[in-house]
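Below is one structure, written out as structure tokens; the observations come after it.
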Amino acid sequence: MGLKSWLNQKFTAWLVHEHDRPEMPLCDFKHLSLEIRPCDVLLIEGRSRVSDIIKNITQTIWTHSALYIGRLQDIDDPALSALIQKFYRGDTGEQLIIEALLGEGTLVNPLSKYSGEHMRICRPRNLSRQDAQHIVGFAAHHLGNDYDFRQLVDLARFMFPYSIVPRRWRSTLFEYHAGIPTRTVCSSMIAAAFANVNYPVMPLVHRGSDGKLQLYKRNPRLYTPRDFDSSPYFDIIKY
């Protein structure tokens, strides 16, 4: 292993190290697991150092998002089910999510992984079953994708006061809607999945010279978990 890879692993491990869970869970996981539906977006309040950075940058408690895909038997396409099983060797009756994690990439995990965490559901309103299956398929075809190393460099910059960072190193990543690590892998992947079936999350709105409003697709890389919480096209469900 080269020095660069070793440093990457050590820095990643430091970033993803989690604080202890609260003694009193803020979410009724049993109720949530009974009510959650395929293509619901699950928002999670993380407990790691990178989560603390994301909270400071985005001014919200939601630091991670995952796409709930249901159980394997909920998937209509046998080929898609087989694809997911290549990345998940557990119980076929388990409730599953697709998520992207720093240091791990895009993978399938059981919903029960987040039992005891603070979560909420963002449910796309009036989403058809056909579109839901396409969204699951889009996310599944990203399984195995690696995490973008550039995001680690950007996170390292956040450790230093903005005023002492050389001007040539500065970028829009330090602005309010900063380019945090979830943008290129986590929230961006989910936003791109919805955009693939033309389902809006937070589109750009432009008023033309004739006074008419027109919606434009937003770059999926610019999404953070809080955008699903703020979207007028998603219902918020709390347990």
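Structure notes:
- Just so you know, the Rg over Rh for region 198-239 is 1.07, from Cα atoms, with Rh as the Kirkwood radius.
- Take 227-239, 8-20 and order them by the average number of nearby Cβ atoms within 10 Å per residue, most first; the result is 227-239, 8-20.
- A cut-off of 5 Å between modelled amide H atoms, ignoring neighbours fewer than 5 places along the same chain, links Gly105 with Tyr147.
- Region 1-80 pair-distance distribution - Cα-Cα, 5 Å bins, rounded %: 3, 12, 14, 16, 16, 14, 11, 10, 4, 0
- Heavy-atom accessible surface of region 1-93: percent carbon and sulfur, 1.4 Å: 53
- Magnitude of the charge dipole, region 1-149, Cβ model with Lys/Arg +1 and Asp/Glu -1, debye to 20: 160
- Using bins of 10 Å that start at zero, the share of Cα-Cα pairs per bin across region 13-151 amounts to 11, 40, 36, 12, 0, in whole %.
- When peptides 199-209, 34-44 are ranked by their average number of other Cβ atoms within 10 Å per residue, the highest-first order is 34-44, 199-209.
- Across region 1-82, Cα pairs under 8 Å and at least six residues apart give a relative contact order of 28 percent.
The values are calculated or read from the model by the stated rules, or taken from the named source; none is laboratory data. For clarity, every value in this text was computed on a predicted model and none was experimentally measured. Cβ: placed from backbone, ideal geometry, glycine included. Neighbour counts: every protein chain shown. In case anyone asks, the SASA skips ligands and DNA or RNA and just uses the protein heavy atoms, side chains included. Shrake-Rupley method; radii C 1.70, N 1.55, O 1.52, S 1.80 Å.
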